[in-house]
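Accompanying notes for the structure given below.
The values are calculated or read from the model by the stated rules, or taken from the named source; none is laboratory data. Quick caveat, the model's predicted, so the values are computed rather than measured. Methodologically, a virtual Cβ is constructed for each residue, glycine included, from the backbone with ideal geometry; neighbour enumeration extends over all protein chains shown. To get the accessible areas, we keep the full protein, side chains included, count just its heavy atoms, and leave off ligands, DNA and RNA. Shrake-Rupley method; radii C 1.70, N 1.55, O 1.52, S 1.80 Å.
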Amino acid sequence: MAKIYFTPGPSQLYPTVEQHLQKAVFENIGSISHRSSDFQRIYQSLVENLRELLNIPQDFAILCTSSATEIWERILMNCVDKTEKALFCVNGAFSERFYSFAQTLQKNAIKQEILEGQGFDFEKVQIQEDTKLVAITHNETSTGARSPNTEIHKIKEKYSSTLLAVDIVSSVPIVELDFSLVDIAYFSVQKAFGLPAGLGIWIVNLRCLEKAKELEAKNEVIGTYHSLPNLWKYFTKYQTPETPNVLAIYLLSKVTGDMLNKGISKIRQESKVKAGKIYNFIEKSNFLNPFVENKKYQSETVIVAKTKKKNSEEIITRLDEDDIIIGSGYKNFKTNHIRIANFPTHNLSEIERLLESLSKI
Ligand SMILES: *Cc1c(COP(=O)(O)O)cnc(C)c1O
(Lines give C-alpha, C1' and ligand atoms only; values in the text may rest on other atoms or scores of the structure.)
Protein backbone atom coordinates (compact mmCIF):
# COMPACT_ATOMS: atom_id res chain seq x y z
CA MET A 1 0.00 0.00 0.00
CA ALA A 2 1.15 3.58 -0.54
CA LYS A 3 2.73 5.26 2.46
CA ILE A 4 0.60 7.81 4.26
CA TYR A 5 2.08 10.61 6.35
CA PHE A 6 0.34 11.66 9.56
CA THR A 7 3.39 13.69 10.53
CA PRO A 8 2.63 17.23 11.75
CA GLY A 9 4.63 18.83 8.94
CA PRO A 10 5.71 18.25 6.32
CA SER A 11 2.70 16.00 6.04
CA GLN A 12 0.69 14.05 3.49
CA LEU A 13 0.19 16.19 0.38
CA TYR A 14 -3.36 17.34 -0.29
CA PRO A 15 -4.88 14.79 -2.70
CA THR A 16 -5.15 17.23 -5.62
CA VAL A 17 -1.50 18.35 -5.46
CA GLU A 18 -0.32 15.67 -7.89
CA GLN A 19 -2.66 16.81 -10.68
CA HIS A 20 -1.82 20.48 -10.03
CA LEU A 21 1.90 19.72 -10.19
CA GLN A 22 1.47 18.01 -13.55
CA LYS A 23 -0.53 20.92 -14.85
CA ALA A 24 2.07 23.35 -13.53
CA VAL A 25 4.77 21.66 -15.61
CA PHE A 26 2.47 21.64 -18.63
CA GLU A 27 1.70 25.35 -18.16
CA ASN A 28 5.41 26.27 -17.73
CA ILE A 29 4.83 27.70 -14.26
CA GLY A 30 8.53 27.20 -13.47
CA SER A 31 9.55 29.37 -16.41
CA ILE A 32 7.19 32.34 -16.35
CA SER A 33 8.51 35.72 -15.21
CA HIS A 34 7.49 36.91 -11.78
CA ARG A 35 6.87 40.31 -13.41
CA SER A 36 4.43 38.88 -15.94
CA SER A 37 0.66 39.21 -15.90
CA ASP A 38 0.52 35.39 -15.69
CA PHE A 39 2.18 35.55 -12.29
CA GLN A 40 0.00 38.46 -11.16
CA ARG A 41 -3.08 36.41 -11.98
CA ILE A 42 -1.77 33.47 -9.92
CA TYR A 43 -0.99 35.65 -6.89
CA GLN A 44 -4.34 37.44 -7.23
CA SER A 45 -6.21 34.16 -7.32
CA LEU A 46 -4.35 33.01 -4.18
CA VAL A 47 -5.30 36.26 -2.41
CA GLU A 48 -8.96 36.04 -3.45
CA ASN A 49 -9.22 32.39 -2.44
CA LEU A 50 -7.61 32.94 0.95
CA ARG A 51 -9.83 35.96 1.66
CA GLU A 52 -12.89 33.85 1.00
CA LEU A 53 -11.65 30.71 2.77
CA LEU A 54 -10.55 32.48 5.96
CA ASN A 55 -12.87 35.50 5.80
CA ILE A 56 -10.04 38.05 5.61
CA PRO A 57 -11.17 41.69 5.23
CA GLN A 58 -9.86 44.02 2.51
CA ASP A 59 -7.65 46.08 4.86
CA PHE A 60 -5.35 43.07 5.27
CA ALA A 61 -2.53 42.33 2.87
CA ILE A 62 -1.65 38.70 2.11
CA LEU A 63 2.12 38.56 1.68
CA CYS A 64 4.43 35.81 0.45
CA THR A 65 7.59 35.00 2.43
CA SER A 66 9.84 31.97 2.69
CA SER A 67 8.48 30.47 5.92
CA ALA A 68 6.68 31.12 9.20
CA THR A 69 10.10 31.39 10.83
CA GLU A 70 10.87 34.31 8.54
CA ILE A 71 7.57 35.96 9.48
CA TRP A 72 8.58 35.90 13.17
CA GLU A 73 11.55 38.07 12.26
CA ARG A 74 9.49 40.32 9.97
CA ILE A 75 6.90 40.95 12.74
CA LEU A 76 9.59 41.79 15.29
CA MET A 77 11.42 44.18 12.96
CA ASN A 78 8.32 45.92 11.60
CA CYS A 79 5.59 45.88 14.22
CA VAL A 80 7.21 46.75 17.55
CA ASP A 81 9.66 49.40 18.69
CA LYS A 82 12.58 48.23 20.83
CA THR A 83 11.45 50.34 23.76
CA GLU A 84 7.85 49.10 23.65
CA LYS A 85 6.62 46.09 25.57
CA ALA A 86 5.98 42.94 23.58
CA LEU A 87 4.29 40.03 25.34
CA PHE A 88 4.88 36.42 24.32
CA CYS A 89 2.53 33.70 25.54
CA VAL A 90 4.73 30.61 25.70
CA ASN A 91 3.53 27.02 26.15
CA GLY A 92 5.92 25.00 24.01
CA ALA A 93 8.85 24.99 21.63
CA PHE A 94 7.39 27.10 18.80
CA SER A 95 6.04 29.90 20.99
CA GLU A 96 9.37 29.86 22.88
CA ARG A 97 11.31 30.23 19.64
CA PHE A 98 9.41 33.39 18.66
CA TYR A 99 10.19 34.82 22.11
CA SER A 100 13.88 33.96 21.73
CA PHE A 101 13.99 35.78 18.37
CA ALA A 102 12.62 38.88 20.14
CA GLN A 103 15.45 38.66 22.65
CA THR A 104 18.06 38.25 19.92
CA LEU A 105 16.69 41.32 18.16
CA GLN A 106 16.92 43.17 21.49
CA LYS A 107 13.23 43.89 21.80
CA ASN A 108 11.59 44.60 25.15
CA ALA A 109 10.25 41.04 25.29
CA ILE A 110 8.14 39.82 28.19
CA LYS A 111 7.27 36.16 28.56
CA GLN A 112 4.16 34.63 30.17
CA GLU A 113 4.86 30.95 30.40
CA ILE A 114 2.69 27.99 31.32
CA LEU A 115 3.54 24.30 31.43
CA GLU A 116 3.81 22.36 28.20
CA GLY A 117 0.58 20.52 27.50
CA GLN A 118 -1.49 23.35 28.94
CA GLY A 119 -3.45 25.95 27.00
CA PHE A 120 -3.88 29.65 27.75
CA ASP A 121 -6.88 31.11 29.45
CA PHE A 122 -6.45 34.56 27.93
CA GLU A 123 -8.80 36.18 30.39
CA LYS A 124 -6.24 35.43 33.07
CA VAL A 125 -3.17 36.54 31.14
CA GLN A 126 -1.80 39.74 32.66
CA ILE A 127 -1.31 42.32 29.95
CA GLN A 128 0.12 45.67 30.98
CA GLU A 129 -1.67 48.66 29.48
CA ASP A 130 1.41 49.87 27.58
CA THR A 131 1.98 46.53 25.81
CA LYS A 132 2.21 47.14 22.05
CA LEU A 133 2.41 43.60 20.73
CA VAL A 134 0.91 40.36 22.01
CA ALA A 135 2.10 37.14 20.35
CA ILE A 136 0.19 33.94 20.72
CA THR A 137 0.40 30.51 19.16
CA HIS A 138 -3.05 29.19 18.40
CA ASN A 139 -1.90 25.59 18.11
CA GLU A 140 1.38 24.55 19.79
CA THR A 141 2.56 21.88 17.37
CA SER A 142 5.14 20.62 19.86
CA THR A 143 2.56 19.65 22.50
CA GLY A 144 -0.87 19.53 20.85
CA ALA A 145 -2.30 22.33 23.02
CA ARG A 146 -4.71 24.68 21.28
CA SER A 147 -6.40 27.85 22.50
CA PRO A 148 -10.12 28.12 21.72
CA ASN A 149 -10.51 30.94 19.18
CA THR A 150 -13.15 32.71 21.29
CA GLU A 151 -10.49 33.07 24.00
CA ILE A 152 -8.09 34.69 21.54
CA HIS A 153 -10.69 37.27 20.60
CA LYS A 154 -11.04 38.35 24.23
CA ILE A 155 -7.56 39.88 24.12
CA LYS A 156 -8.46 42.64 21.66
CA GLU A 157 -11.86 43.15 23.25
CA LYS A 158 -10.03 44.08 26.44
CA TYR A 159 -6.79 45.62 25.11
CA SER A 160 -7.71 47.27 21.83
CA SER A 161 -4.52 49.36 21.56
CA THR A 162 -2.10 46.42 21.29
CA LEU A 163 -1.28 44.64 18.06
CA LEU A 164 -2.19 40.96 18.23
CA ALA A 165 -0.20 38.37 16.25
CA VAL A 166 -1.56 34.84 15.99
CA ASP A 167 0.48 31.86 14.80
CA ILE A 168 -1.97 29.60 12.92
CA VAL A 169 0.71 27.45 11.24
CA SER A 170 -0.69 24.07 12.24
CA SER A 171 -4.40 24.93 12.61
CA VAL A 172 -5.21 26.88 9.44
CA PRO A 173 -7.73 26.53 7.72
CA ILE A 174 -9.60 24.81 10.57
CA VAL A 175 -9.31 27.76 12.99
CA GLU A 176 -11.98 30.44 12.50
CA LEU A 177 -10.44 33.79 13.34
CA ASP A 178 -12.41 37.01 13.58
CA PHE A 179 -10.03 39.33 11.75
CA SER A 180 -11.69 42.39 13.26
CA LEU A 181 -10.02 41.27 16.52
CA VAL A 182 -6.64 40.19 15.13
CA ASP A 183 -3.91 42.28 13.42
CA ILE A 184 -1.56 39.58 12.20
CA ALA A 185 -1.96 35.90 11.38
CA TYR A 186 0.57 33.70 9.62
CA PHE A 187 1.30 30.19 8.46
CA SER A 188 3.54 28.06 6.29
CA VAL A 189 2.10 25.64 3.76
CA GLN A 190 3.64 22.27 4.64
CA LYS A 191 1.40 21.68 7.63
CA ALA A 192 -2.39 21.79 7.36
CA PHE A 193 -2.49 22.86 3.69
CA GLY A 194 -0.68 19.70 2.64
CA LEU A 195 1.85 21.31 0.29
CA PRO A 196 5.61 20.96 -0.11
CA ALA A 197 7.51 23.36 2.20
CA GLY A 198 8.96 26.67 1.05
CA LEU A 199 6.25 29.33 1.39
CA GLY A 200 5.10 31.39 4.37
CA ILE A 201 1.94 33.50 4.22
CA TRP A 202 1.76 36.69 6.26
CA ILE A 203 -1.75 38.13 6.74
CA VAL A 204 -1.29 41.65 8.11
CA ASN A 205 -3.44 44.78 8.44
CA LEU A 206 -3.01 48.52 7.81
CA ARG A 207 -2.32 49.25 11.48
CA CYS A 208 0.85 47.18 11.20
CA LEU A 209 1.87 48.96 7.99
CA GLU A 210 1.46 52.31 9.73
CA LYS A 211 3.53 51.00 12.63
CA ALA A 212 6.36 49.93 10.31
CA LYS A 213 6.37 53.34 8.61
CA GLU A 214 6.49 55.02 12.02
CA LEU A 215 9.54 52.91 12.98
CA GLU A 216 11.20 53.69 9.66
CA ALA A 217 10.64 57.42 10.23
CA LYS A 218 12.43 57.04 13.57
CA ASN A 219 15.41 55.49 11.75
CA GLU A 220 14.85 52.02 13.14
CA VAL A 221 16.01 49.15 10.94
CA ILE A 222 12.90 47.41 9.58
CA GLY A 223 14.65 45.26 6.97
CA THR A 224 15.52 45.51 3.31
CA TYR A 225 13.62 43.76 0.51
CA HIS A 226 11.13 42.17 2.93
CA SER A 227 10.37 45.20 5.08
CA LEU A 228 6.60 45.45 5.52
CA PRO A 229 6.23 48.67 3.48
CA ASN A 230 8.19 47.15 0.60
CA LEU A 231 6.27 43.83 0.68
CA TRP A 232 3.01 45.79 0.79
CA LYS A 233 4.01 48.07 -2.09
CA TYR A 234 4.60 45.06 -4.35
CA PHE A 235 1.49 43.30 -3.04
CA THR A 236 -0.74 46.09 -4.37
CA LYS A 237 0.43 45.03 -7.87
CA TYR A 238 0.20 41.30 -7.03
CA GLN A 239 3.96 41.05 -7.14
CA THR A 240 6.78 40.30 -4.71
CA PRO A 241 10.07 42.20 -4.24
CA GLU A 242 12.22 39.14 -5.06
CA THR A 243 11.76 36.19 -7.41
CA PRO A 244 9.39 34.17 -5.23
CA ASN A 245 8.49 30.50 -4.99
CA VAL A 246 6.10 30.77 -7.94
CA LEU A 247 5.34 27.05 -7.95
CA ALA A 248 4.32 27.04 -4.28
CA ILE A 249 2.16 30.15 -4.76
CA TYR A 250 0.51 28.44 -7.74
CA LEU A 251 -0.12 25.23 -5.76
CA LEU A 252 -1.58 27.10 -2.78
CA SER A 253 -3.90 29.07 -5.09
CA LYS A 254 -5.13 25.76 -6.53
CA VAL A 255 -5.51 23.90 -3.23
CA THR A 256 -7.37 26.82 -1.61
CA GLY A 257 -9.65 26.77 -4.68
CA ASP A 258 -10.28 23.04 -4.16
CA MET A 259 -11.07 23.67 -0.49
CA LEU A 260 -13.55 26.39 -1.43
CA ASN A 261 -15.23 23.99 -3.84
CA LYS A 262 -15.49 21.36 -1.15
CA GLY A 263 -16.72 23.95 1.37
CA ILE A 264 -14.85 25.14 4.42
CA SER A 265 -17.68 24.29 6.81
CA LYS A 266 -17.63 20.70 5.56
CA ILE A 267 -13.84 20.55 6.01
CA ARG A 268 -14.18 21.89 9.57
CA GLN A 269 -16.98 19.46 10.37
CA GLU A 270 -14.97 16.48 9.10
CA SER A 271 -11.97 17.62 11.10
CA LYS A 272 -13.99 17.46 14.34
CA VAL A 273 -15.29 13.99 13.58
CA LYS A 274 -11.82 12.62 12.74
CA ALA A 275 -10.23 14.23 15.81
CA GLY A 276 -12.99 12.74 17.98
CA LYS A 277 -12.19 9.25 16.69
CA ILE A 278 -8.48 9.63 17.37
CA TYR A 279 -8.95 10.99 20.92
CA ASN A 280 -11.49 8.30 21.61
CA PHE A 281 -8.96 5.64 20.61
CA ILE A 282 -6.22 7.21 22.73
CA GLU A 283 -8.44 7.45 25.80
CA LYS A 284 -9.37 3.76 25.58
CA SER A 285 -5.87 2.58 24.69
CA ASN A 286 -3.79 0.69 27.23
CA PHE A 287 -0.52 2.14 25.92
CA LEU A 288 -1.44 5.80 25.24
CA ASN A 289 -2.86 8.78 27.14
CA PRO A 290 -3.72 12.22 25.76
CA PHE A 291 -0.85 14.57 26.63
CA VAL A 292 -3.19 17.57 26.85
CA GLU A 293 -5.54 16.53 29.64
CA ASN A 294 -8.01 19.41 29.61
CA LYS A 295 -10.37 18.71 26.69
CA LYS A 296 -10.88 22.43 26.16
CA TYR A 297 -7.26 22.74 25.03
CA GLN A 298 -6.92 19.52 23.03
CA SER A 299 -5.83 20.32 19.49
CA GLU A 300 -8.00 19.08 16.68
CA THR A 301 -5.20 19.17 14.12
CA VAL A 302 -2.10 17.93 15.97
CA ILE A 303 -2.97 15.19 18.41
CA VAL A 304 -0.30 14.32 20.92
CA ALA A 305 -0.32 11.20 23.07
CA LYS A 306 2.12 10.20 25.76
CA THR A 307 3.10 6.59 25.81
CA LYS A 308 2.63 4.20 28.71
CA LYS A 309 4.95 1.20 29.05
CA LYS A 310 6.06 1.35 25.42
CA ASN A 311 8.65 3.66 23.91
CA SER A 312 7.33 5.89 21.08
CA GLU A 313 9.98 4.47 18.77
CA GLU A 314 8.43 1.03 19.02
CA ILE A 315 4.99 2.37 18.10
CA ILE A 316 6.39 4.41 15.21
CA THR A 317 8.27 1.38 13.85
CA ARG A 318 5.22 -0.88 14.08
CA LEU A 319 3.06 1.60 12.18
CA ASP A 320 5.80 2.07 9.62
CA GLU A 321 5.50 -1.64 8.78
CA ASP A 322 1.93 -0.82 7.68
CA ASP A 323 3.22 2.17 5.66
CA ILE A 324 1.80 4.61 8.18
CA ILE A 325 4.14 7.41 9.21
CA ILE A 326 3.43 9.36 12.39
CA GLY A 327 5.50 11.94 14.27
CA SER A 328 7.67 11.34 17.30
CA GLY A 329 7.53 13.63 20.32
CA TYR A 330 9.08 17.08 19.95
CA LYS A 331 12.60 17.52 21.37
CA ASN A 332 12.51 16.52 25.08
CA PHE A 333 9.41 14.40 24.46
CA LYS A 334 10.97 12.51 21.58
CA THR A 335 10.81 9.04 23.11
CA ASN A 336 7.63 9.28 25.18
CA HIS A 337 5.20 11.09 22.89
CA ILE A 338 3.70 10.38 19.51
CA ARG A 339 2.19 13.14 17.36
CA ILE A 340 -0.57 12.51 14.84
CA ALA A 341 -1.65 15.15 12.34
CA ASN A 342 -5.33 15.40 11.50
CA PHE A 343 -5.25 17.79 8.55
CA PRO A 344 -7.80 18.32 5.75
CA THR A 345 -5.70 16.01 3.55
CA HIS A 346 -6.37 13.06 5.87
CA ASN A 347 -9.73 11.52 5.07
CA LEU A 348 -11.86 9.44 7.38
CA SER A 349 -10.91 6.08 5.86
CA GLU A 350 -7.22 6.94 6.25
CA ILE A 351 -7.81 7.79 9.91
CA GLU A 352 -9.56 4.43 10.28
CA ARG A 353 -6.59 2.73 8.63
CA LEU A 354 -4.29 4.44 11.15
CA LEU A 355 -6.44 3.43 14.13
CA GLU A 356 -6.69 -0.15 12.89
CA SER A 357 -2.94 -0.34 12.65
CA LEU A 358 -2.56 1.17 16.13
CA SER A 359 -5.08 -1.29 17.56
CA LYS A 360 -2.87 -4.21 16.49
CA ILE A 361 -0.08 -3.05 18.82
C1 LIG B 1 6.22 24.53 12.01
C2 LIG B 1 5.84 25.70 12.83
C3 LIG B 1 6.49 26.94 12.71
C4 LIG B 1 7.65 27.15 11.79
O5 LIG B 1 7.30 26.91 10.46
P6 LIG B 1 8.44 26.93 9.32
O7 LIG B 1 7.68 26.66 8.09
O8 LIG B 1 9.41 25.83 9.67
O9 LIG B 1 9.09 28.24 9.36
C10 LIG B 1 6.05 27.98 13.49
N11 LIG B 1 5.03 27.84 14.35
C12 LIG B 1 4.38 26.66 14.50
C13 LIG B 1 3.26 26.55 15.47
C14 LIG B 1 4.76 25.55 13.74
O15 LIG B 1 4.12 24.40 13.89
Completion exercise
Scanning the stretch 160-210 for residues that are farther than 15 Å from Arg51 by Cα, more than 13 Å from the ligand (Cβ to nearest atom) and out of contact with any strand residue (DSSP E or B) (no Cβ under 7 Å at 6 or more places or on another chain) gives Ser160, Ser161, Leu181, Gly194, Leu206, Leu209, Glu210
Problem - Test set (1) β-branched (Val, Ile, Thr); (2) under 16 Å from the mean Cα position of the chain (by Cα); (3) closer than 23 Å to Ile201 by Cβ - Thr143 fails condition number - result: (3)
Problem - Whichever residue in the stretch 59-109 is more than 12 Å from the ligand (Cβ to nearest atom) and among the small types (Gly, Ala, Ser) and, among such residues, is nearest to Ala165 (Cα to Cα) - result: Ala86
Fill in the blank from the handout: Expected single match for within 16 Å of the ligand (Cβ to nearest atom) and open to solvent by 20 Å² or more (accessible area, probe 1.4 Å) among Asn219, Asn245 is Asn245
Practice task
Among the residues of the stretch 262-275, count how many are open to solvent by 40 Å² or more (accessible area, probe 1.4 Å) and free of Cβ contacts under 8 Å to residues at least 12 places away in the same chain.
Solution key: 4
Practice task
Go through the stretch 48-88 and give me each residue that's over 17 Å from the mean Cα position of the chain (by Cα) and among the β-branched types (Val, Ile, Thr).
Solution key: Val80, Thr83
Exercise for the section: Within the stretch 300-322, identify whether any single residue is under 30 Å from Thr150 (Cβ atoms), open to solvent by less than 50 Å² (accessible area, probe 1.4 Å) and charged (D, E, K, R), and answer yes or no. Expected result: yes
Completion exercise
Heads up, the strands (runs of 3 or more DSSP E) in the stretch 29-137 (entirely inside) with at least 2 residues that are β-branched (Val, Ile, Thr) and either under 30 Å from Lys262 (Cα atoms) or in contact with a Ser or Thr (Cβ under 6 Å, 6 or more places away or on another chain) (or both) are 60-65, 131-137
